Amino acid sequence: MSYWMFWGSCLIFILLVAGILFWSAGLPKIKSKKFSFIMFSLGLIVIATPFAFFIGGMATDSPTSTMKDFWTGFFIAQTIPLLILIIAILKWLIIDLRKIKKRVDSDK
């Protein structure tokens, strides 16, 4: 019984954290700083992490499997959310650098 309570509470916690990240992506303060895409991608990573652990665990089903097989399966499942996060951060940095350049050009 405690086994199911533990994993159920973990699932509720993961969904709660992801929901907070998705909700905070729509806040005006986050939108004004152009963090919405980053917050959305962090929520996606939080939701994809248990799935990635499951895939990694299934990759080690064979008796000859090693930790390398687990991490390979884990990172294969996390590839798309991590790429989305990297794109979001690069997009935010490029937009931020353009704003700084416009400010410097307008001060001249």
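The values are calculated or read from the model by the stated rules, or taken from the named source; none is laboratory data. As the structure is a prediction and not an experimental result, all values here were calculated from the model. Reconstructed Cβ throughout: ideal geometry from the backbone, glycine too, with neighbour counts over all protein chains shown. Just so you know, the surface numbers come from the protein's heavy atoms only, side chains and all, with ligands and any DNA or RNA stripped out. Shrake-Rupley method; radii C 1.70, N 1.55, O 1.52, S 1.80 Å.
In whole Hz, with x marking every Gly and Pro, tabulate ³J(HN,Hα) for the stretch 19-36 from phi via Karplus 6.51 cos²θ - 1.76 cosθ + 1.60, θ = phi - 60°.
Karplus values, whole Hz, x for Gly and Pro: x, 5, 5, 5, 5, 5, 5, x, 5, x, 5, 6, 5, 5, 8, 6, 9, 4.
Accessible area per residue, 1.4 Å probe, Å², for the chain: what's the number?
76
Based on a Kirkwood Rh over C-alpha pairs, give the Stokes-Einstein translational diffusion coefficient of the stretch 5-66 at 25 °C and viscosity 0.890 mPa s in µm²/s.
184
Treat every Asp and Glu Cβ in the chain as -1 and every Lys and Arg Cβ as +1, leave all other atoms uncharged, and give the resulting dipole magnitude about the Cα centre to the nearest 20 debye.
Working: 12 positive and 5 negative charges, 193 e Å.
Value, rounded to 20: 920 debye.
Given the DSSP H assignment, sum -39500 (n - 2.57) over each helix run of at least 4 residues in the chain and divide by its residue total; what's the result at 222 nm in deg cm²/dmol, nearest 500?
One gets -30500 deg cm²/dmol as the mean residue ellipticity at 222 nm.
Using a 7 Å offset from the Cα along the Cα-to-Cβ direction at both THR66 and LYS31, what is the distance between the two label points in nm, to one decimal?
5.1
In whole Å, what are the extents of the chain along the principal axes defined by its C-alpha atoms, from largest to smallest?
68, 32, 13
Out of the trypsin sites (Lys or Arg not before Pro) in the stretch 1-82, which ones are loop residues according to DSSP with at most 13 other C-beta atoms within 10 Å?
For trypsin sites (Lys or Arg not before Pro) across the stretch 1-82 that sit outside H, G, I, E and B with at most 13 neighbouring Cβ atoms in 10 Å, the list reads LYS33.
What number, in percent, do you get for the relative contact order of the chain if the mean sequence gap of Cα pairs under 8 Å and at least 6 apart is divided by its residue count?
Contact order relative to length: 22 percent.
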